[in-house]
Amino acid sequence: MSTPTQTVPFTTLISVTQLQTLQAQGAPLRVFDCSFDLMNPAKGHAQFVEQHIAGATHADLDHHLATHDDTLRVNGGRHPLPQREVLAAWLQSVGVNHDTQVVVYDRHGMNYCGRLWWMLKWCGHNAVAALDGGLQAWVAAGGATASGEAPVHTSGNFALREPLAQLVDTATLAAHLNDGSQTIVDARAIARYRGEVEPLDPVAGHIPGALNRPFSSNLNAAGFFKSADELRAEFAALLGHANPANVVHHCGSGVSAVPNVLAMEVAGLGRSALYAGSWSEWCNTPGMPCEKS
């Protein structure tokens with residue numbers, strides 16, 4: 001008896017076994033390797049060329065998932081988001097269609113692939129999931145890999161739809177800083193949050209009132225996302241009586257905050273907002289308060 005085709009899209013996480021099943025079924029599928037290195041931006045592509053999931057395309061943080069063209073960006077910070085139309089054009093060029101199940105992964109503890117997961121939601125495409133465990137889990141399970149450059153794909157018919165993710169800008173965040181209508185969650189490491197060190201930005205510290213949950217807190221010792229129950233309990237302890245629907249996530253440049261967005265959704269707490277400019281935009285904006293603790 002043949003295996004029935006997957007009809008419900010994967011929208012948060014997908015396991016190695018589930019991805020292999022989709023491949024075997026010939027489902028409309030595109031896989032993106034989002035490997036990157038903040039301290040060595042060329043390394044991500046080199047890692048992709050060395051080894052990647054067979055058939056995957058490299059999505060580079062600097063070249064595809066951010067823009068430094070002031071006429072095309074929608075926010076500030078170190079990794080400004082490109083306009084939705086720019087991203088849609090690139091997705092078309094690499095063969096994404098309106099019915100494509102997209103799978104994103106990296107080899108860095110889900111630090112970078114969440115960016116493309118969120119951006120696709122922002123463009124109105126819900127059928128996108130992060131590969132739980134990343135490339136390491138795929139290789140450990142004997143998944144097919146390849147080396148070299150990505151295969152060339154025919155253009156797709158991807159088109160923008162209404163956003164399925166909420167983007168918050170600096171002015172909005174600042175306007176509600178003290179009125180109790182938002183809860184800010186900072187995904188950076190504890191030492192950066194406290195202002196003890198700051199390797200990337202000119203000012204150390206955090207946005208006043210922000211809570212701290214390093215993005216790595218979402219993974220277990222084996223590198224997989226914790227269970228929904230575990231994540232729900234941890235966010236309940238972090239947020240207290242705050243409404244999860246009012247959470248705004250940020251980090252240094254709007255990248256490593258996304259694992260917290262994803263984790264809250266896995267936990268059944270809904271899709272919370274992202275401040276994509278994050279600390280790198282906030283601390284460079286005149287008049288914005290900063291604190292250390």
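Within segment 26-37, which residues are surrounded by 14 or more Cβ atoms within 10 Å (Cβ to Cβ) and either more than 15 Å from the chain's Cα centre (by Cα) or among the small types (Gly, Ala, Ser) (or both)? So that I can check it myself, show each step before the final result.
To start, the set of residues in segment 26-37 that are surrounded by 14 or more Cβ atoms within 10 Å (Cβ to Cβ) comprises 27-37.
Within segment 26-37, Ala27, Pro28, Leu29, Arg30, Ser35 meet the criteria.
If we keep just the residues of segment 95-122 that are modelled with pLDDT of 95 or more and of a type in the set (Gly, Ala, Ser), which is farthest from the chain's Cα centre (by Cα)?
Ranking the candidates gives Gly95 first.
Would you pick out the residues in segment 158-180 that are polar (S, T, N, Q) and surrounded by 13 or more Cβ atoms within 10 Å (Cβ to Cβ)? Spell out the reasoning first.
Here is the first cut: in segment 158-180, the ones polar (S, T, N, Q) are 166, 170, 172, 178.
Gln166, Thr170, Thr172, listed by residue number.
Could you check segment 1-39 and list, in sequence order, the residues that are polar (S, T, N, Q), over 17 Å from Ala130 (Cβ atoms) and at pLDDT below 95?
We begin by selecting, within segment 1-39, every residue polar (S, T, N, Q); these are 2-3, 5-7, 11-12, 15, 17-18, 20-21, 23, 25, 35.
Retained after the next criterion (residues that are over 17 Å from Ala130 (Cβ atoms)): 2-3, 5, 7, 25.
If the condition is that a residue be polar (S, T, N, Q), over 17 Å from Ala130 (Cβ atoms) and at pLDDT below 95, then Ser2, Thr3, Thr5, Thr7 are the ones that fit.
Which residues, counting only those in segment 40-51, are under 23 Å from Asp201 (Cα atoms) and out of contact with any Leu (no Cβ under 9 Å at 6 or more places or on another chain)?
Filtering segment 40-51 for residues under 23 Å from Asp201 (Cα atoms) gives 40-44.
Within segment 40-51, Asn40, Ala42, Lys43 meet the criteria.
So which of Gly223, Gly205 is over 21 Å from the mean Cα position of the chain (by Cα) and in contact (Cβ under 8 Å) with a residue 12 or more places away in the chain?
Values: Gly223 fails: over 21 Å from the mean Cα position of the chain (by Cα).
The unique qualifying residue is Gly205.
From (1) surrounded by 14 or more Cβ atoms within 10 Å (Cβ to Cβ); (2) closer than 21 Å to Tyr275 by Cα; (3) more than 17 Å from the chain's Cα centre (by Cα); (4) not polar (S, T, N, Q), pick out the condition that doesn't hold for Arg232.
The single condition Arg232 does not satisfy is (2).
Residue pairs, Cβ under 7 Å, 6 or more apart or interchain, first in segment 238-251 and outside the structural domain of Asn111 (by TED's automatic domain parsing), second surrounded by fewer than 16 Cβ atoms within 10 Å (Cβ to Cβ) and of a type in the set (D, E, K, R). List them.
Hits for this filter: zero, empty list.
Conditions (1) of a type in the set (A, V, I, L, M); (2) over 24 Å from Trp279 (Cα atoms), marked per residue:
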{"position": "Val96", "(1), (2)": "yes, yes"}
{"position": "Cys113", "(1), (2)": "no, no"}
{"position": "Gly148", "(1), (2)": "no, yes"}
{"position": "Thr154", "(1), (2)": "no, yes"}
{"position": "Asp169", "(1), (2)": "no, no"}
{"position": "Arg188", "(1), (2)": "no, no"}
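Mind counting the residues in segment 48-84 that are of a type in the set (Gly, Ala, Ser) and surrounded by fewer than 16 Cβ atoms within 10 Å (Cβ to Cβ)? Outline the logic, then answer.
Narrowing segment 48-84 to residues of a type in the set (Gly, Ala, Ser): 54-56, 59, 66, 76-77.
Narrowing further to those that are surrounded by fewer than 16 Cβ atoms within 10 Å (Cβ to Cβ): 54-55.
Residues meeting the conditions: 2.
So Gly143 ticks every box in (1) buried (at least 22 other Cβ atoms within 10 Å of the Cβ); (2) small (Gly, Ala, Ser); (3) more than 20 Å from Trp279 (Cβ to Cβ) but one. Which box is left unticked?
Tallying (1) buried (at least 22 other Cβ atoms within 10 Å of the Cβ); (2) small (Gly, Ala, Ser); (3) more than 20 Å from Trp279 (Cβ to Cβ), Gly143 fails exactly one: (1).
Evaluate segment 263-274: report whether one residue or more is crowded, with 18+ Cβ neighbours inside 10 Å, in contact with a Gly (Cβ under 6 Å, 6 or more places away or on another chain) and not β-branched (Val, Ile, Thr).
no
So which residues in segment 85-109 are over 21 Å from Leu167 (Cα atoms), surrounded by fewer than 21 Cβ atoms within 10 Å (Cβ to Cβ) and of a type in the set (D, E, K, R), if there are any at all?
Residue satisfying the conditions is Asp99 alone.
The values are calculated or read from the model by the stated rules, or taken from the named source; none is laboratory data. Bear in mind that the values here come from a model prediction, so they are computed numbers and not experimental data. With ideal geometry, Cβ positions are generated from the backbone for all residues, glycine too; neighbour counts draw on all protein chains shown.
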